[in-house]
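Please read the structure below before turning to the comments.
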Amino acid sequence: MSFLKPTSLPLIRPLFANGLYANPFNTFQMMGLKNVMKWQFSKNTAPLPSVAELNERLPVLPINKEQLNNPAQDKIQCTWIGHATMFVQLGGYNIITDPVFCERVSPISFMGPKRFRPTPCAINDLPNIDAVIISHNHYDHLDHEAVVNITAHHKDTQWYVPKGMKSWFASARTGVNPHHITEMTWWEEATLTKSGSRSGLGVVCTPSQHWSKRTAFDDCKQLWCSWVLKTAPNSQPSSSSSSSSSSSSSSSSSESSSSSVPIQPNDDGKSFFFAGDTGYCEAFPQIGEALGPFDLAAIPIGAYEPRWFMKYAHINPEDAVQVHRDIRARKSIAMHWGTFVLTDEHV
């Protein structure tokens, strides 16, 4: 079945030419080296609070293993691991988003942004991971060591990635079975299934306004995206290897790094939106029209200053509220903050 509903305008598609992806939005501008240097030389990063203040205002709570191992089947349960890493449980499935557990988000292990809030758990502390969804290839959203560790502990995990990213999993020696990787473009749909479950989980790749880069020579060779997870109406999940099938379709706040949020589903089944990393754009009202409303959304609020530089790729808290409204979310969790110092605003 397709989850897409008819929309008032044609679905927004990514641009692709000469092996490179591009945003179709007039709200996007690629910041070149000149602007990067302008920001670096005028940088005014807010100081990091003391450990005592962080412990008081942004405590890291231990995970509740009993709750994670026994989620309510009639609710969505979401645990914020930190930054854009969410452990989402719905319809009898366990999904992790943009898994990052490393100390530094950088191609160099001893340089780059360092984690200032620890993770509340290790990967092997989590229940079985049925699927991973990846929004793009930046280091603060794709952690090589985490990919290797997930594969080591969860052999049947399915991986949903934007177009162009499958080759990285082989070249980076992640150990992921290539048959477990599903590449998708905007509005493409797939179904996650597993033995013992009487219903599948819909996985829909949706637009975002961002860009991609993993090395000095691969700018925008891989797509970026947001994601939607949906259960079928009146589905009755039970308990578990995982598999995936896909098809193309066309159609005219948490205080800590470990807080499980159970949300009652809407009448059409359970629905979750993961925004990934994005600037504000016209895609969000269309996502709401085509796939909303959503029971729960995870929306970024950090890495937004200075606005003249960051607004094209990162929304700020005010934009995040607008995204929440655009996609027709009942409740939203703020993410992409409180973990790494990436830009100038106070953490």
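Here segment 5-43 and segment 181-195 have alpha carbon centers that stand 24 Å from each other. Here Met30 and Ser243 are evaluated by their C-beta separation; at R0 = 41 Å the FRET efficiency comes out at 0.60. Accessible area ranking (1.4 Å probe, heavy atoms, ligands and nucleic acids excluded), largest first, for Lys213, Lys155: Lys155, Lys213. Counting only heavy atoms of the protein chains and using a 1.4 Å probe, Met30 has close to 90 Å² of accessible surface. Here the Karplus relation 6.51 cos²θ - 1.76 cosθ + 1.60, evaluated at θ = phi - 60°, turns the backbone of segment 59-73 into coupling constants of x, 9, 8, x, 5, 9, 5, 4, 5, 5, 7, 9, x, 5, 6 Hz, with x for every Gly and Pro. Considering helices alone, the calculated mean residue ellipticity of the chain at 222 nm is -4500 deg cm²/dmol, with DSSP H runs of length four and up weighted by -39500 (n - 2.57) and normalised per residue.
Net charge within 13 Å of Ile287 by Cβ-Cβ distance, Lys/Arg positive one each and Asp/Glu negative one each, not counting Ile287 itself?
Numbers: positive: Lys5, Lys230, Arg325, Arg328; negative: Glu282, Glu289, Asp326.
Charge balance near Ile287 sits at +1.
Modelled spin-label separation between Phe16 and Glu145, with each label point placed 7 Å from Cα along the Cα-to-Cβ direction: 3.4 nm. Mind running the shape call on the chain? Use the C-alpha gyration tensor, a ≥ b ≥ c as the square roots of the eigenvalues: rounded below 1.5 for a/c, prolate if a/b tops b/c, oblate otherwise. Judged from the Cα gyration tensor, the chain comes out rounded (a/c under 1.5).
Need one number: % antiparallel among DSSP beta bridges in the chain, to the nearest 5. Within the chain, antiparallel bridges account for around 70 percent of the total. Using the Karplus relation 6.51 cos²θ - 1.76 cosθ + 1.60 with θ = phi - 60°, the per-residue 3J(HN,Hα) values for segment 21-30 come to 8, 8, 6, x, 8, 7, 8, 10, 9, 6 Hz, with x marking Gly and Pro. Electrostatic tally near Ile327: other residues with Cβ closer than 14 Å to its Cβ, Lys and Arg +1, Asp and Glu -1, net +1. On the basis of the beta-carbon distance and an R0 of 25 Å, Ala122 and Ala46 show a calculated FRET efficiency of 0.25. Residues in segment 48-187 average 40 Å² of solvent-accessible surface per residue, probe 1.4 Å, ligands and nucleic acids excluded. Segment 203-231 and segment 63-104 have their alpha-carbon centroids 21 Å apart. For segment 337-344, 3J(HN,Hα) computed residue by residue from phi via the Karplus equation (6.51, -1.76, 1.60; θ = phi - 60°) reads 7, x, 9, 10, 8, 10, 9, 8 Hz, glycine and proline entered as x. Relative to the 2.2 N^0.38 Å rule of thumb, segment 98-241 has a C-alpha radius of gyration ratio of 1.08. The simple spin-label model puts a point 7 Å past each Cα toward its Cβ; for Arg57 and Ala170 those points are separated by 4.8 nm.
About its Cα centre, the chain has a charge dipole of approximately 440 debye under the convention of +1 per Lys or Arg Cβ and -1 per Asp or Glu Cβ, with nothing else charged. Between Glu318 and Ser195, the simple label model (points 7 Å from Cα in the Cβ direction) yields a spacing of 5.5 nm. If R0 equals 25 Å, the separation of the Cβ atoms of Asn64 and Lys331 corresponds to a calculated FRET efficiency of about 0.80.
Note on the chain: with neighbouring protein chains present and a 1.4 Å probe, carbon and sulfur make up 52 percent of its accessible heavy-atom surface. Taking a sphere under 13 Å around the Cβ of Thr278 and counting the other residues whose Cβ falls inside, with K and R at +1 and D and E at -1, yields a net charge of -4. Annotation: amide H-H contacts under 5 Å for Ala232 (H modelled 1.01 Å from N, sequence separation of 5 or more, or interchain): Gly202.
The values are calculated or read from the model by the stated rules, or taken from the named source; none is laboratory data. These numbers were taken from a predicted model, which means no experiment stands behind them. Virtual Cβ from ideal backbone geometry, glycine too; neighbours counted across all protein chains shown. Note: areas computed on protein heavy atoms with side chains; ligands, DNA, RNA excluded. Shrake-Rupley method; radii C 1.70, N 1.55, O 1.52, S 1.80 Å.
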